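Here is the structure we will look at.
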Protein chains: 2
Amino acid sequence: MKNYELVLHRVEADLAAGRLRIGGRLPGERALAEELKISRPSVREAVRVLEAMGIVRTATGSGPEAGAVIVAEPVSPLTALLRLHLATNHLPMGDVVQTRILLESWAAREAAGRPLELDAVADLLDRMDAPGLSPEEFHLLDAEFHVALAGLAGNVLIAAVMESLRSAIHGYVLAAVPNLPDWEATAVGLRGEHRAIIAALAKGDGDAASRLVAAHIQGFYQAAQLSS
Amino acid sequence: MKNYELVLHRVEADLAAGRLRIGGRLPGERALAEELKISRPSVREAVRVLEAMGIVRTATGSGPEAGAVIVAEPVSPLTALLRLHLATNHLPMGDVVQTRILLESWAAREAAGRPLELDAVADLLDRMDAPGLSPEEFHLLDAEFHVALAGLAGNVLIAAVMESLRSAIHGYVLAAVPNLPDWEATAVGLRGEHRAIIAALAKGDGDAASRLVAAHIQGFYQAAQLSS
DNA sequence: TCTACCCGTGTGGTCGGACCACAGGCTAAG
DNA sequence: CTTAGCCTGTGGTCCGACCACACGGGTAGA
(Lines give C-alpha, C1' and ligand atoms only; values in the text may rest on other atoms or scores of the structure.)
Protein backbone atom coordinates (compact mmCIF):
# COMPACT_ATOMS: atom_id res chain seq x y z
CA MET A 1 0.00 0.00 0.00
CA LYS A 2 1.43 3.34 -1.03
CA ASN A 3 1.79 5.93 1.69
CA TYR A 4 -0.57 8.50 0.22
CA GLU A 5 -3.30 5.87 0.17
CA LEU A 6 -3.07 5.74 3.95
CA VAL A 7 -4.36 9.30 4.01
CA LEU A 8 -7.15 8.56 1.54
CA HIS A 9 -8.37 5.60 3.56
CA ARG A 10 -8.09 7.52 6.77
CA VAL A 11 -10.16 10.39 5.39
CA GLU A 12 -12.79 8.10 3.89
CA ALA A 13 -13.13 6.25 7.18
CA ASP A 14 -13.38 9.52 9.10
CA LEU A 15 -16.06 10.75 6.72
CA ALA A 16 -18.06 7.54 6.95
CA ALA A 17 -17.82 7.54 10.74
CA GLY A 18 -18.87 11.17 11.01
CA ARG A 19 -15.57 12.30 12.48
CA LEU A 20 -15.23 14.60 9.47
CA ARG A 21 -18.16 16.65 8.25
CA ILE A 22 -18.81 19.12 5.51
CA GLY A 23 -17.46 22.48 6.58
CA GLY A 24 -14.93 20.89 8.89
CA ARG A 25 -11.21 20.91 8.24
CA LEU A 26 -8.55 18.31 7.72
CA PRO A 27 -5.64 18.38 10.15
CA GLY A 28 -2.71 20.37 8.82
CA GLU A 29 -0.40 18.63 6.40
CA ARG A 30 2.43 18.56 8.90
CA ALA A 31 0.21 17.16 11.65
CA LEU A 32 -1.23 14.49 9.37
CA ALA A 33 2.25 13.48 8.28
CA GLU A 34 3.43 13.02 11.82
CA GLU A 35 0.28 11.22 12.88
CA LEU A 36 0.52 8.65 10.08
CA LYS A 37 4.32 8.42 10.30
CA ILE A 38 4.74 9.49 6.70
CA SER A 39 6.29 12.51 5.05
CA ARG A 40 4.59 15.71 4.13
CA PRO A 41 4.98 15.17 0.35
CA SER A 42 3.04 11.91 0.69
CA VAL A 43 0.29 13.72 2.57
CA ARG A 44 0.24 16.40 -0.06
CA GLU A 45 -0.25 13.87 -2.86
CA ALA A 46 -3.29 12.53 -1.03
CA VAL A 47 -4.69 15.99 -0.41
CA ARG A 48 -4.31 16.77 -4.10
CA VAL A 49 -6.30 13.67 -4.98
CA LEU A 50 -9.01 14.61 -2.49
CA GLU A 51 -9.07 18.09 -3.98
CA ALA A 52 -9.33 16.65 -7.49
CA MET A 53 -12.28 14.57 -6.29
CA GLY A 54 -14.07 17.56 -4.83
CA ILE A 55 -13.83 16.37 -1.24
CA VAL A 56 -11.71 19.22 0.06
CA ARG A 57 -10.87 22.74 -1.00
CA THR A 58 -7.47 24.06 -0.03
CA ALA A 59 -6.46 27.65 0.58
CA THR A 60 -3.44 29.37 2.05
CA GLY A 61 -3.42 31.85 4.85
CA SER A 62 -5.10 31.53 8.21
CA GLY A 63 -8.65 31.70 9.52
CA PRO A 64 -11.65 29.43 9.02
CA GLU A 65 -11.42 29.47 5.23
CA ALA A 66 -7.77 28.47 5.12
CA GLY A 67 -6.39 24.97 5.10
CA ALA A 68 -8.11 21.91 3.68
CA VAL A 69 -11.84 22.46 4.19
CA ILE A 70 -14.22 19.55 3.67
CA VAL A 71 -16.66 20.29 0.88
CA ALA A 72 -18.66 17.94 -1.33
CA GLU A 73 -18.54 19.32 -4.80
CA PRO A 74 -18.85 16.48 -7.31
CA VAL A 75 -19.43 18.51 -10.45
CA SER A 76 -15.95 19.84 -11.20
CA PRO A 77 -14.22 16.51 -10.61
CA LEU A 78 -16.74 14.71 -12.79
CA THR A 79 -16.30 17.35 -15.45
CA ALA A 80 -12.53 17.01 -15.40
CA LEU A 81 -12.81 13.23 -15.49
CA LEU A 82 -15.08 13.34 -18.51
CA ARG A 83 -12.99 15.94 -20.31
CA LEU A 84 -9.84 13.91 -19.90
CA HIS A 85 -11.48 10.70 -21.03
CA LEU A 86 -13.02 12.47 -23.97
CA ALA A 87 -9.55 13.66 -24.86
CA THR A 88 -8.33 10.06 -25.00
CA ASN A 89 -10.89 9.36 -27.71
CA HIS A 90 -11.99 6.24 -25.87
CA LEU A 91 -15.22 7.93 -24.89
CA PRO A 92 -17.28 8.60 -28.00
CA MET A 93 -19.08 11.93 -28.13
CA GLY A 94 -22.17 10.11 -29.35
CA ASP A 95 -22.35 8.14 -26.12
CA VAL A 96 -22.15 11.35 -24.14
CA VAL A 97 -24.97 12.91 -26.11
CA GLN A 98 -27.07 9.77 -25.77
CA THR A 99 -26.52 9.83 -22.02
CA ARG A 100 -27.57 13.47 -21.84
CA ILE A 101 -30.76 12.65 -23.68
CA LEU A 102 -31.50 9.79 -21.32
CA LEU A 103 -30.86 11.76 -18.15
CA GLU A 104 -32.60 14.94 -19.22
CA SER A 105 -35.66 13.32 -20.71
CA TRP A 106 -36.04 11.29 -17.54
CA ALA A 107 -35.60 14.42 -15.42
CA ALA A 108 -38.27 16.23 -17.42
CA ARG A 109 -40.75 13.39 -16.99
CA GLU A 110 -39.98 13.16 -13.28
CA ALA A 111 -40.17 16.91 -12.74
CA ALA A 112 -43.59 17.15 -14.37
CA GLY A 113 -45.06 15.12 -11.53
CA ARG A 114 -43.80 17.49 -8.87
CA PRO A 115 -44.82 20.92 -7.65
CA LEU A 116 -42.48 23.24 -9.52
CA GLU A 117 -41.15 26.73 -9.11
CA LEU A 118 -40.50 27.76 -12.69
CA ASP A 119 -39.99 31.51 -12.25
CA ALA A 120 -36.20 31.27 -12.10
CA VAL A 121 -36.16 29.07 -15.19
CA ALA A 122 -38.44 31.43 -17.07
CA ASP A 123 -36.17 34.30 -16.13
CA LEU A 124 -33.27 32.42 -17.70
CA LEU A 125 -35.22 32.06 -20.91
CA ASP A 126 -35.97 35.78 -20.90
CA ARG A 127 -32.29 36.51 -20.61
CA MET A 128 -31.62 34.22 -23.56
CA ASP A 129 -33.92 36.40 -25.65
CA ALA A 130 -31.54 39.34 -25.36
CA PRO A 131 -30.44 40.39 -28.82
CA GLY A 132 -26.79 40.25 -29.76
CA LEU A 133 -25.82 37.37 -27.51
CA SER A 134 -22.66 35.65 -28.68
CA PRO A 135 -22.81 31.87 -29.14
CA GLU A 136 -20.64 31.56 -26.04
CA GLU A 137 -22.97 33.67 -23.89
CA PHE A 138 -25.99 31.89 -25.29
CA HIS A 139 -24.58 28.48 -24.49
CA LEU A 140 -23.66 29.44 -20.95
CA LEU A 141 -27.27 30.46 -20.33
CA ASP A 142 -28.43 27.34 -22.16
CA ALA A 143 -26.27 25.26 -19.85
CA GLU A 144 -27.82 26.95 -16.83
CA PHE A 145 -31.26 26.19 -18.20
CA HIS A 146 -30.54 22.50 -18.73
CA VAL A 147 -28.89 22.16 -15.33
CA ALA A 148 -31.86 23.83 -13.69
CA LEU A 149 -34.20 21.42 -15.47
CA ALA A 150 -32.21 18.43 -14.31
CA GLY A 151 -32.30 19.80 -10.79
CA LEU A 152 -36.09 19.98 -10.79
CA ALA A 153 -36.28 16.18 -10.67
CA GLY A 154 -34.71 16.20 -7.21
CA ASN A 155 -31.97 13.64 -7.80
CA VAL A 156 -28.62 15.16 -6.87
CA LEU A 157 -26.59 12.44 -8.58
CA ILE A 158 -28.36 12.78 -11.91
CA ALA A 159 -28.23 16.56 -11.69
CA ALA A 160 -24.49 16.45 -11.00
CA VAL A 161 -23.79 14.02 -13.82
CA MET A 162 -25.90 16.12 -16.16
CA GLU A 163 -24.07 19.31 -15.32
CA SER A 164 -20.72 17.59 -15.73
CA LEU A 165 -21.64 16.20 -19.11
CA ARG A 166 -22.74 19.63 -20.21
CA SER A 167 -19.56 21.29 -18.97
CA ALA A 168 -17.24 18.65 -20.34
CA ILE A 169 -18.51 19.06 -23.89
CA HIS A 170 -18.89 22.82 -23.71
CA GLY A 171 -15.65 23.38 -25.55
CA TYR A 172 -16.54 20.90 -28.25
CA VAL A 173 -19.96 22.51 -28.68
CA LEU A 174 -18.51 25.96 -29.18
CA ALA A 175 -15.97 24.61 -31.62
CA ALA A 176 -18.83 23.06 -33.62
CA VAL A 177 -20.92 26.22 -33.92
CA PRO A 178 -19.36 27.04 -37.32
CA ASN A 179 -20.81 23.74 -38.56
CA LEU A 180 -24.27 25.20 -38.23
CA PRO A 181 -25.64 26.62 -41.46
CA ASP A 182 -27.24 29.60 -39.73
CA TRP A 183 -26.51 30.30 -36.09
CA GLU A 184 -29.19 32.95 -35.66
CA ALA A 185 -31.88 30.67 -37.05
CA THR A 186 -30.69 27.86 -34.82
CA ALA A 187 -30.86 30.11 -31.77
CA VAL A 188 -34.42 31.09 -32.60
CA GLY A 189 -35.37 27.41 -32.86
CA LEU A 190 -33.69 26.55 -29.57
CA ARG A 191 -35.47 29.39 -27.77
CA GLY A 192 -38.82 28.15 -29.01
CA GLU A 193 -38.07 24.59 -27.94
CA HIS A 194 -37.12 25.82 -24.47
CA ARG A 195 -40.45 27.64 -24.14
CA ALA A 196 -42.31 24.54 -25.26
CA ILE A 197 -40.51 22.41 -22.69
CA ILE A 198 -41.37 24.59 -19.71
CA ALA A 199 -44.92 24.95 -21.00
CA ALA A 200 -45.26 21.18 -20.94
CA LEU A 201 -43.75 21.07 -17.46
CA ALA A 202 -46.11 23.76 -16.23
CA LYS A 203 -49.04 21.70 -17.54
CA GLY A 204 -47.68 18.65 -15.76
CA ASP A 205 -47.41 16.81 -19.05
CA GLY A 206 -44.39 14.62 -18.38
CA ASP A 207 -44.61 12.63 -21.61
CA ALA A 208 -44.58 15.75 -23.74
CA ALA A 209 -41.80 17.40 -21.73
CA SER A 210 -39.67 14.28 -21.98
CA ARG A 211 -40.24 13.97 -25.74
CA LEU A 212 -39.52 17.65 -26.34
CA VAL A 213 -36.29 17.55 -24.35
CA ALA A 214 -35.03 14.50 -26.22
CA ALA A 215 -35.81 16.06 -29.59
CA HIS A 216 -34.29 19.37 -28.50
CA ILE A 217 -30.93 17.84 -27.60
CA GLN A 218 -30.79 15.37 -30.44
CA GLY A 219 -31.72 18.03 -32.95
CA PHE A 220 -28.98 20.39 -31.92
CA TYR A 221 -26.22 17.82 -31.94
CA GLN A 222 -27.30 16.46 -35.28
CA ALA A 223 -27.33 19.97 -36.74
CA ALA A 224 -23.88 20.63 -35.33
CA GLN A 225 -22.66 17.22 -36.55
CA LEU A 226 -21.40 16.39 -33.06
CA SER A 227 -23.01 13.01 -32.46
CA SER A 228 -20.04 10.97 -33.62
CA MET B 1 -2.23 28.78 -11.62
CA LYS B 2 -0.66 26.15 -9.42
CA ASN B 3 2.34 24.38 -10.82
CA TYR B 4 0.86 20.89 -10.85
CA GLU B 5 -1.98 22.21 -13.01
CA LEU B 6 0.58 23.00 -15.67
CA VAL B 7 1.17 19.28 -16.00
CA LEU B 8 -2.54 18.48 -16.11
CA HIS B 9 -3.18 21.00 -18.86
CA ARG B 10 -0.15 19.87 -20.77
CA VAL B 11 -1.27 16.24 -20.63
CA GLU B 12 -4.84 17.08 -21.59
CA ALA B 13 -3.64 19.13 -24.55
CA ASP B 14 -1.28 16.35 -25.62
CA LEU B 15 -4.11 13.82 -25.42
CA ALA B 16 -6.50 16.00 -27.38
CA ALA B 17 -3.87 16.69 -30.03
CA GLY B 18 -2.96 13.03 -30.37
CA ARG B 19 0.58 13.52 -29.14
CA LEU B 20 -0.25 11.11 -26.33
CA ARG B 21 -2.16 7.91 -27.02
CA ILE B 22 -3.41 4.99 -25.03
CA GLY B 23 -0.53 2.63 -24.42
CA GLY B 24 1.99 5.41 -24.72
CA ARG B 25 3.99 6.76 -21.83
CA LEU B 26 4.36 10.07 -20.10
CA PRO B 27 7.87 11.53 -20.02
CA GLY B 28 9.68 10.65 -16.81
CA GLU B 29 8.94 12.75 -13.77
CA ARG B 30 12.37 14.31 -13.82
CA ALA B 31 12.17 15.15 -17.52
CA LEU B 32 8.70 16.64 -17.15
CA ALA B 33 9.86 18.74 -14.23
CA GLU B 34 12.76 20.17 -16.16
CA GLU B 35 10.69 20.77 -19.28
CA LEU B 36 8.04 22.74 -17.42
CA LYS B 37 10.56 24.45 -15.15
CA ILE B 38 8.91 23.09 -12.02
CA SER B 39 10.03 20.72 -9.32
CA ARG B 40 9.59 16.99 -9.27
CA PRO B 41 7.16 17.04 -6.30
CA SER B 42 4.85 19.29 -8.30
CA VAL B 43 4.98 16.87 -11.22
CA ARG B 44 4.28 13.99 -8.88
CA GLU B 45 1.15 15.66 -7.52
CA ALA B 46 -0.15 15.98 -11.06
CA VAL B 47 0.69 12.38 -11.91
CA ARG B 48 -1.14 11.25 -8.79
CA VAL B 49 -4.22 13.16 -9.91
CA LEU B 50 -4.01 11.64 -13.37
CA GLU B 51 -3.67 8.22 -11.78
CA ALA B 52 -6.68 8.89 -9.57
CA MET B 53 -8.63 9.81 -12.70
CA GLY B 54 -7.68 6.61 -14.49
CA ILE B 55 -5.65 8.36 -17.17
CA VAL B 56 -2.31 6.80 -16.33
CA ARG B 57 -1.07 3.77 -14.46
CA THR B 58 2.31 4.05 -12.76
CA ALA B 59 4.79 1.28 -12.04
CA THR B 60 8.38 1.14 -10.91
CA GLY B 61 11.23 -0.61 -12.63
CA SER B 62 12.14 -0.42 -16.28
CA GLY B 63 10.76 -1.75 -19.54
CA PRO B 64 7.59 -0.97 -21.46
CA GLU B 65 5.30 -1.56 -18.46
CA ALA B 66 7.21 0.76 -16.14
CA GLY B 67 6.70 4.47 -15.75
CA ALA B 68 3.45 6.33 -16.26
CA VAL B 69 1.57 4.45 -18.99
CA ILE B 70 -1.47 6.08 -20.58
CA VAL B 71 -4.57 4.03 -20.00
CA ALA B 72 -8.23 5.06 -20.04
CA GLU B 73 -9.90 3.30 -17.17
CA PRO B 74 -12.83 5.39 -15.96
CA VAL B 75 -14.48 2.83 -13.70
CA SER B 76 -12.20 2.85 -10.66
CA PRO B 77 -11.98 6.64 -10.48
CA LEU B 78 -15.72 6.96 -10.79
CA THR B 79 -16.16 4.33 -8.12
CA ALA B 80 -13.80 6.10 -5.75
CA LEU B 81 -15.50 9.42 -6.43
CA LEU B 82 -18.92 7.98 -5.67
CA ARG B 83 -17.73 6.15 -2.57
CA LEU B 84 -16.19 9.28 -1.12
CA HIS B 85 -19.22 11.40 -1.84
CA LEU B 86 -21.48 8.74 -0.40
CA ALA B 87 -19.33 8.85 2.72
CA THR B 88 -20.01 12.57 3.06
CA ASN B 89 -23.73 11.83 3.32
CA HIS B 90 -24.44 14.50 0.74
CA LEU B 91 -25.26 11.87 -1.85
CA PRO B 92 -28.40 10.00 -0.78
CA MET B 93 -28.38 6.27 -1.36
CA GLY B 94 -31.90 6.58 -2.76
CA ASP B 95 -30.64 8.79 -5.56
CA VAL B 96 -27.99 6.23 -6.41
CA VAL B 97 -30.54 3.43 -6.56
CA GLN B 98 -32.86 5.56 -8.66
CA THR B 99 -30.04 6.26 -11.08
CA ARG B 100 -29.20 2.59 -11.35
CA ILE B 101 -32.81 1.84 -12.19
CA LEU B 102 -32.84 4.52 -14.85
CA LEU B 103 -29.59 3.44 -16.49
CA GLU B 104 -30.22 -0.28 -16.36
CA SER B 105 -33.79 -0.20 -17.50
CA TRP B 106 -32.74 2.00 -20.41
CA ALA B 107 -29.88 -0.37 -21.20
CA ALA B 108 -32.24 -3.35 -21.22
CA ARG B 109 -34.65 -1.63 -23.58
CA GLU B 110 -31.82 -0.57 -25.85
CA ALA B 111 -30.15 -3.98 -25.81
CA ALA B 112 -33.36 -5.74 -26.81
CA GLY B 113 -33.23 -4.02 -30.18
CA ARG B 114 -29.74 -5.29 -30.96
CA PRO B 115 -28.31 -8.62 -32.01
CA LEU B 116 -27.12 -10.12 -28.75
CA GLU B 117 -24.65 -12.74 -27.67
CA LEU B 118 -26.17 -13.97 -24.43
CA ASP B 119 -24.13 -17.12 -23.86
CA ALA B 120 -21.64 -15.47 -21.52
CA VAL B 121 -24.46 -13.90 -19.53
CA ALA B 122 -26.31 -17.20 -19.29
CA ASP B 123 -23.11 -18.81 -18.08
CA LEU B 124 -22.96 -16.23 -15.29
CA LEU B 125 -26.48 -17.15 -14.25
CA ASP B 126 -25.55 -20.83 -14.18
CA ARG B 127 -22.67 -20.05 -11.87
CA MET B 128 -25.04 -18.15 -9.60
CA ASP B 129 -27.09 -21.34 -9.23
CA ALA B 130 -24.23 -23.07 -7.44
CA PRO B 131 -25.38 -24.14 -3.98
CA GLY B 132 -23.63 -22.78 -0.94
CA LEU B 133 -22.65 -19.44 -2.40
CA SER B 134 -22.01 -16.84 0.27
CA PRO B 135 -23.87 -13.52 -0.06
CA GLU B 136 -20.54 -11.94 -0.98
CA GLU B 137 -19.85 -14.42 -3.78
CA PHE B 138 -23.42 -14.15 -4.99
CA HIS B 139 -23.26 -10.38 -5.16
CA LEU B 140 -19.98 -10.37 -7.04
CA LEU B 141 -21.54 -12.58 -9.72
CA ASP B 142 -24.66 -10.45 -9.58
CA ALA B 143 -22.54 -7.37 -10.18
CA GLU B 144 -20.93 -9.05 -13.18
CA PHE B 145 -24.36 -9.87 -14.54
CA HIS B 146 -25.64 -6.33 -14.22
CA VAL B 147 -22.49 -4.87 -15.70
CA ALA B 148 -22.71 -7.27 -18.63
CA LEU B 149 -26.32 -6.24 -19.20
CA ALA B 150 -25.40 -2.57 -19.20
CA GLY B 151 -22.63 -3.34 -21.66
CA LEU B 152 -25.05 -4.91 -24.12
CA ALA B 153 -26.54 -1.52 -24.91
CA GLY B 154 -23.24 -0.43 -26.42
CA ASN B 155 -22.81 2.89 -24.59
CA VAL B 156 -19.45 2.90 -22.86
CA LEU B 157 -20.28 5.89 -20.67
CA ILE B 158 -23.47 4.42 -19.32
CA ALA B 159 -21.80 1.05 -18.83
CA ALA B 160 -18.95 2.68 -16.90
CA VAL B 161 -21.27 4.73 -14.72
CA MET B 162 -23.37 1.66 -14.04
CA GLU B 163 -20.40 -0.42 -13.00
CA SER B 164 -19.14 2.37 -10.77
CA LEU B 165 -22.49 2.78 -9.08
CA ARG B 166 -22.62 -0.94 -8.48
CA SER B 167 -19.11 -1.06 -7.04
CA ALA B 168 -19.48 2.03 -4.90
CA ILE B 169 -22.49 0.66 -3.06
CA HIS B 170 -21.19 -2.91 -2.87
CA GLY B 171 -20.06 -2.48 0.70
CA TYR B 172 -23.36 -0.95 1.75
CA VAL B 173 -25.26 -3.79 0.06
CA LEU B 174 -23.31 -6.47 1.89
CA ALA B 175 -23.79 -4.64 5.17
CA ALA B 176 -27.54 -4.62 4.54
CA VAL B 177 -27.90 -8.36 3.87
CA PRO B 178 -28.80 -9.03 7.53
CA ASN B 179 -31.82 -6.76 7.02
CA LEU B 180 -33.30 -9.36 4.70
CA PRO B 181 -35.78 -11.65 6.43
CA ASP B 182 -34.55 -14.73 4.54
CA TRP B 183 -31.43 -14.54 2.42
CA GLU B 184 -31.90 -17.92 0.76
CA ALA B 185 -35.43 -17.08 -0.31
CA THR B 186 -34.24 -13.72 -1.60
CA ALA B 187 -31.51 -15.39 -3.64
CA VAL B 188 -34.02 -17.77 -5.21
CA GLY B 189 -36.18 -14.81 -6.19
CA LEU B 190 -33.26 -12.87 -7.66
CA ARG B 191 -32.18 -15.88 -9.73
CA GLY B 192 -35.64 -16.19 -11.19
CA GLU B 193 -35.79 -12.51 -12.01
CA HIS B 194 -32.44 -12.73 -13.78
CA ARG B 195 -33.70 -15.60 -15.94
CA ALA B 196 -36.83 -13.66 -16.79
CA ILE B 197 -34.77 -10.64 -17.83
CA ILE B 198 -32.57 -12.50 -20.28
CA ALA B 199 -35.60 -14.38 -21.60
CA ALA B 200 -37.22 -11.05 -22.43
CA LEU B 201 -33.99 -9.86 -24.03
CA ALA B 202 -33.71 -13.03 -26.09
CA LYS B 203 -37.25 -12.45 -27.36
CA GLY B 204 -36.36 -8.88 -28.21
CA ASP B 205 -39.05 -7.61 -25.89
CA GLY B 206 -37.49 -4.36 -24.74
CA ASP B 207 -40.49 -3.13 -22.79
CA ALA B 208 -40.68 -6.27 -20.73
CA ALA B 209 -36.93 -6.42 -20.14
CA SER B 210 -36.89 -2.82 -19.04
CA ARG B 211 -39.83 -3.29 -16.67
CA LEU B 212 -38.36 -6.49 -15.20
CA VAL B 213 -34.97 -4.86 -14.57
CA ALA B 214 -36.55 -1.89 -12.83
CA ALA B 215 -38.67 -4.12 -10.61
CA HIS B 216 -35.69 -6.38 -9.93
CA ILE B 217 -33.50 -3.58 -8.62
CA GLN B 218 -36.22 -1.68 -6.80
CA GLY B 219 -37.46 -4.86 -5.15
CA PHE B 220 -34.09 -5.81 -3.77
CA TYR B 221 -33.27 -2.42 -2.32
CA GLN B 222 -36.68 -2.10 -0.76
CA ALA B 223 -36.33 -5.52 0.84
CA ALA B 224 -32.88 -4.59 2.14
CA GLN B 225 -34.18 -1.20 3.33
CA LEU B 226 -31.43 0.57 1.45
CA SER B 227 -33.39 3.12 -0.55
CA SER B 228 -33.04 5.95 1.94
C1' DT C 1 -11.26 55.13 25.49
C1' DC C 2 -11.41 54.03 20.84
C1' DT C 3 -9.34 53.18 16.38
C1' DA C 4 -6.16 51.97 12.95
C1' DC C 5 -2.08 49.85 11.75
C1' DC C 6 1.24 46.23 11.76
C1' DC C 7 3.55 42.21 12.55
C1' DG C 8 3.44 37.44 14.60
C1' DT C 9 1.92 32.94 13.50
C1' DG C 10 0.24 29.13 11.12
C1' DT C 11 -1.49 27.68 6.71
C1' DG C 12 -0.58 25.63 2.06
C1' DG C 13 2.91 26.09 -2.20
C1' DT C 14 7.36 25.11 -3.94
C1' DC C 15 11.84 23.63 -4.23
C1' DG C 16 16.41 20.83 -4.41
C1' DG C 17 18.56 17.05 -3.20
C1' DA C 18 19.11 12.63 -1.50
C1' DC C 19 18.39 7.66 -1.02
C1' DC C 20 15.63 3.39 -1.79
C1' DA C 21 13.31 -0.62 -4.28
C1' DC C 22 12.43 -2.43 -8.41
C1' DA C 23 12.72 -4.49 -13.17
C1' DG C 24 14.46 -4.68 -17.55
C1' DG C 25 18.38 -4.96 -20.59
C1' DC C 26 23.22 -5.31 -21.38
C1' DT C 27 27.57 -7.44 -20.71
C1' DA C 28 30.91 -10.44 -19.51
C1' DA C 29 32.02 -14.97 -17.92
C1' DG C 30 31.34 -19.83 -18.49
C1' DC D 1 25.58 -20.11 -27.16
C1' DT D 2 23.96 -19.72 -22.59
C1' DT D 3 23.61 -17.67 -18.23
C1' DA D 4 24.50 -15.04 -14.27
C1' DG D 5 25.16 -10.64 -12.50
C1' DC D 6 25.76 -5.73 -12.87
C1' DC D 7 24.07 -1.17 -14.81
C1' DT D 8 20.67 2.09 -15.66
C1' DG D 9 16.54 4.39 -15.38
C1' DT D 10 12.01 4.25 -13.41
C1' DG D 11 8.78 5.67 -9.57
C1' DG D 12 8.48 5.92 -4.08
C1' DT D 13 9.81 8.31 -0.09
C1' DC D 14 11.84 11.41 2.77
C1' DC D 15 14.10 15.72 4.72
C1' DG D 16 14.67 20.46 5.42
C1' DA D 17 14.16 24.77 3.88
C1' DC D 18 11.97 28.96 2.18
C1' DC D 19 8.02 31.57 0.18
C1' DA D 20 3.30 33.87 -0.13
C1' DC D 21 -0.59 34.53 2.10
C1' DA D 22 -4.30 35.96 5.43
C1' DC D 23 -6.16 36.22 9.86
C1' DG D 24 -6.01 38.13 14.42
C1' DG D 25 -4.29 40.18 18.28
C1' DG D 26 -1.24 43.51 20.22
C1' DT D 27 0.36 48.13 20.09
C1' DA D 28 0.81 52.94 18.98
C1' DG D 29 -1.61 56.74 17.89
C1' DA D 30 -5.82 59.92 17.93
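The values are calculated or read from the model by the stated rules, or taken from the named source; none is laboratory data. Fair warning: this is a prediction, and the values are worked out from it, not measured in the lab. Quick reminder, even Gly has a Cβ in these numbers, built from the backbone with ideal geometry, and neighbours come from all protein chains shown. Just the protein is used for accessible areas: all its heavy atoms, side chains included, with ligands, DNA and RNA removed. Shrake-Rupley method; radii C 1.70, N 1.55, O 1.52, S 1.80 Å.
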Query raised in the report: Say each of B:Arg40 and A:Glu34 gets a label point 7 Å from the Cα, pointing the same way as Cα to Cβ; how far apart are those two points in nm?
Result: 2.7
Query raised in the report: Which FRET efficiency value, to the nearest 0.05, is calculated for A:Asp129 and B:Arg127 with the Förster distance at 60 angstrom and r the Cβ-Cβ distance?
Result: 0.50
Report summary line: In chain B the accessible area split gives carbon plus sulfur, as whole percent at 1.4 Å, a share of 54
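Order of A:41-50, A:56-65 by packing, highest average Cβ count within 10 Å first? Mind showing how you got there, number by number?
On the way: A:41-50: 23.4, A:56-65: 11.0.
Output ranking for A:41-50, A:56-65: A:41-50, A:56-65.
What net charge do the residues around B:Asp123 carry, taking every other residue with its C-beta under 12 Å from that of B:Asp123, with Lys and Arg at +1 and Asp and Glu at -1? Can you show the working numbers first?
Values: positive: B:Arg127; negative: B:Glu117, B:Asp119, B:Asp126, B:Asp129, B:Glu144.
Charge balance in the 12 Å sphere: -4.
Please compute the average number of Cβ atoms from other chains found within 10 Å of each residue's Cβ in peptide A:152-164.
Details: counts 0, 2, 3, 7, 7, 15, 6, 1, 3, 4, 0, 0, 0.
Mean number of neighbouring Cβ atoms from other chains: 4.
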Query raised in the report: In the neighborhood of A:Val75, defined by Cβ-to-Cβ distances under 15 Å, what is the net charge if each Lys or Arg adds +1 and each Asp or Glu adds -1?
Result: -1
Report task. Tell me the distances, shortest first, between B:Arg195 and the same position across the other copies, using label points 7 Å along Cα→Cβ, in nm to one decimal. Result -> 5.7
Query raised in the report: Pulled fully out, how much extra length does the chain show between B:Lys2 and B:Gln218, if you take 0.36 nm times their separation in residues and subtract their Cα-Cα distance?
Result: 73.2 nm
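Among A:2-10, A:20-28, what's the highest-first ranking by average C-beta atoms within 10 angstrom per residue? Present the calculation step by step, with values, prior to reporting the outcome.
Values: A:2-10: 17.4, A:20-28: 15.3.
Per-residue mean Cβ counts within 10 Å order the peptides as A:2-10, A:20-28.
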**Report entry** Copies compared at A:Pro64 - label distances in nm, ascending, label defined 7 Å from Cα in the Cβ direction
**Finding:** 5.7
**Report entry** Dipole of chain A, positive end: most advanced residue of A:Val75, A:Gly18, A:Thr88 [Cβ charges, Cα centre]
**Finding:** A:Gly18
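Which whole-number percentage describes the relative contact order of segment A:75-223, with Cα contacts under 8 Å and a sequence gap of 6 or more? Could the numbers behind the result be given before it?
Numbers: 142 pairs, mean separation 60.6, N = 149.
Averaging sequence separation for qualifying contacts and normalising by length gives 41 percent for segment A:75-223.
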Query raised in the report: So which residue, out of A:Glu193, A:Glu34, A:Glu144, gets the largest mean-square fluctuation from a GNM of chain A using Cα contacts under 10 Å as springs?
Result: A:Glu34
Report task. Would you kindly work out, in nm and rounded to one decimal, the distances from the label point of B:Glu184 to those of the same position in each other copy, ordered shortest first, with label points 7 Å along Cα-to-Cβ? Result -> 7.6
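Using a 1.4 Å probe on protein heavy atoms only, how many Å² of accessible area do B and A hide from each other, summed over both chains and rounded to 100? Before the final figure, lay out each step's value.
Details: alone 12260 and 12260 Å², together 20280 Å².
For chain B against chain A, roughly 4200 Å² becomes buried.
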**Report entry** Max mean-square fluctuation residue, GNM over chain B, Cα-Cα springs under 10 Å, options B:Ala33, B:Ala202, B:Ala130
**Finding:** B:Ala130
Report task. For the protein assembly as shown, please report how many Lys pairs fall under 30 Å Cα to Cα, leaving out neighbours fewer than 8 apart on the same chain. Result -> 5
Report summary line: Partner shielding of A:34-46, as the mean number of partner chain Cβ atoms within 10 Å, equals 2
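Roughly how big is chain A's charge dipole about its Cα centre, with Cβ charges of +1 (Lys, Arg) and -1 (Asp, Glu), in debye to the nearest 20? It would help to have the intermediate numbers written out before the result.
Details: 21 positive and 28 negative charges, 179 e Å.
Dipole about the Cα centre, nearest 20: 860 debye.
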Query - Shielding score for B:84-97, defined as the mean number of other chain Cβ atoms within 10 Å - result: 6
